[in-house]
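> Submitted below is the structure of interest, expressed as structure tokens.
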Amino acid sequence: MKKIGIIGRGFVGSAVEFGFSAQCGCNAIIKSYDIDESRKKDSLDETVNNSDFIFVSVPTPSNHSGIDLSFLMSALKSIEHVNRRNDNVILIRSTIIPGTTKKLDEIFKNLNIVFNPEFLTERSAKFDFINQSRFVIGGDPKFTRMVAQLYKWRFGNTAPIIQTNFETAELIKYMNNCFFATKVSFLNEMKILSQKIGADWETSIQGFVSDGRIGHSHTQVPGPDGKLGFGGNCLPKDVKAILEFSKKLGINLSTIKGAWETNLDVRPKEDLKNYLN
Ligand SMILES: NC(=O)c1ccc[n+]([C@@H]2O[C@H](COP(=O)([O-])OP(=O)(O)OC[C@H]3O[C@@H](n4cnc5c(N)ncnc54)[C@H](O)[C@@H]3O)[C@@H](O)[C@H]2O)c1
């Protein structure tokens, strides 16, 4: 019987919990903990010590230097503090900048950490978790193999499992979100152009998306929330984080910068107030 622990029961943690639950046809023992009393089901000690795989999905919000790791640091500290085992694997599901997991792995030497990004969207979180297009697991092969076996046990061969190093797994998550954000900004720009020249937008989009190489996601302008540009909890945060990160590396990501600038032009300002310095 697989033993699953959930730390952080928000969008991501709840979707994981659902995916391994009896309600979803899965035969796993689940313990789950949240620092918020109203979301907490089990104690931290029970969750950590009764679980072979511990999914950590706590917030990593934006801050002036890119990303605030304090929630994740404090979650890992508390896990390390109560953990009496050396065979359980900690899966970091929170989105973190490349290079972060390696540092965390060095700080929390007693924890077996892998980085396993999540690709779900909030609107269909539970559905997305059980319908993954791929699983990405970064870290020491000894532990990524254990997580790969868990996903194989749960999902069979429905999706490829990519095992790689920390940095690659971390980068893949940002590549996806920055690409989606860029796609949104590109189509917002095309819509502005279409209005200027009197083109029919519905027909333009139909003609564009009919080329199968484009893909249907992120092509709605305005988006599903009825607003122009990209908002929500992930795309602005992740675009800002990668821009701050690239600045520190001395790399000019002009495409992503452009996507951000277009978003500043079209998105209602109140949606981006946390990102305006
Ligand atoms: N929401 C999404 O669509 C999505 C998709 C992919 C990845 N992510 C990433 O996953 C992470 C979590 O996102 P979310 O949307 O689930 O966040 P959320 O805010 O919905 O949930 C986070 C939960 O963590 C809890 N928490 C905070 N500190 C804790 C601690 N020390 N111990 C235990 N619980 C703690 C909070 O109380 C909250 O319930 C973020 O890094 C986010 O970028 C989110």
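The values are calculated or read from the model by the stated rules, or taken from the named source; none is laboratory data. Quick caveat, the model's predicted, so the values are computed rather than measured. Reconstructed Cβ throughout: ideal geometry from the backbone, glycine too, with neighbour counts over all protein chains shown.
> Which residue is nearest to PHE108 (Cα to Cα), if the candidates are limited to segment 27-50 and must be near the ligand (Cβ under 8 Å from one of its atoms) and acidic (Asp, Glu)?
ASP34
> Test each condition in (1) buried (at least 20 other Cβ atoms within 10 Å of the Cβ); (2) within 16 Å of the ligand (Cβ to nearest atom) for GLY223 and report the one that comes out false.
The one condition GLY223 does not meet is (1).
> Report, by residue number, each residue of segment 83-103 that is in a helix (DSSP H, G or I) and within 13 Å of the ligand (Cβ to nearest atom).
Applying the first criterion (in a helix (DSSP H, G or I)) to segment 83-103 yields 100-103.
Listed by number, the residues that qualify are THR100, THR101.
> Now, a different point. Please identify the pairs in which a residue from segment 228-239 that is more than 15 Å from LEU120 (Cα to Cα) and assigned to a helix (DSSP H, G or I) has its Cβ atom under 9 Å from the Cβ atom of a residue that is near the ligand (Cβ under 7 Å from one of its atoms) and hydroxyl-bearing (Ser, Thr, Tyr), counting only partners at least 6 apart or on another chain.
Within 9 Å, the pairs are LYS237/THR60; LYS237/THR95.
> Looking at segment 51-82, which of its residues are more than 21 Å from LEU243 (Cα to Cα), within 9 Å of the ligand (Cβ to nearest atom) and of a type in the set (S, T, N, Q)?
Correct list: SER57, SER74, SER78.
> Another question about this same structure. Taking segment 232-276 as the region of interest, how many residues are more than 18 Å from TYR174 (Cβ to Cβ) and touching a helix residue (DSSP H, G or I) at 6+ places or on another chain (Cβ under 7 Å)?
Taking segment 232-276 and keeping what is more than 18 Å from TYR174 (Cβ to Cβ), we get 261-262, 264-274, 276.
Subset that is touching a helix residue (DSSP H, G or I) at 6+ places or on another chain (Cβ under 7 Å): 262, 264, 266, 272.
Final tally of qualifying residues: 4.
> Might you check whether a residue that is outside the structural domain of LEU91 (by TED's automatic domain parsing), outside any loop (DSSP other than H, G, I, E, B) and within 16 Å of the ligand (Cβ to nearest atom) occurs anywhere in segment 244-261? Quick ask: steps written out before the conclusion?
Quick first cut of segment 244-261, residues outside the structural domain of LEU91 (by TED's automatic domain parsing) only: 244-261.
With the extra rule that they be outside any loop (DSSP other than H, G, I, E, B), the set shrinks to 244-249, 254-261.
Retained after the next criterion (residues that are within 16 Å of the ligand (Cβ to nearest atom)): 244-245.
Yes, some residue in segment 244-261 is outside the structural domain of LEU91 (by TED's automatic domain parsing), outside any loop (DSSP other than H, G, I, E, B) and within 16 Å of the ligand (Cβ to nearest atom).
> Which is at pLDDT 95 or above, of a type in the set (A, V, I, L, M) and over 18 Å from the mean Cα position of the chain (by Cα), of ILE54, ILE35? Let's see the steps before the verdict.
On the way: ILE54 fails: over 18 Å from the mean Cα position of the chain (by Cα).
Just a single option satisfies the conditions, and that option is ILE35.
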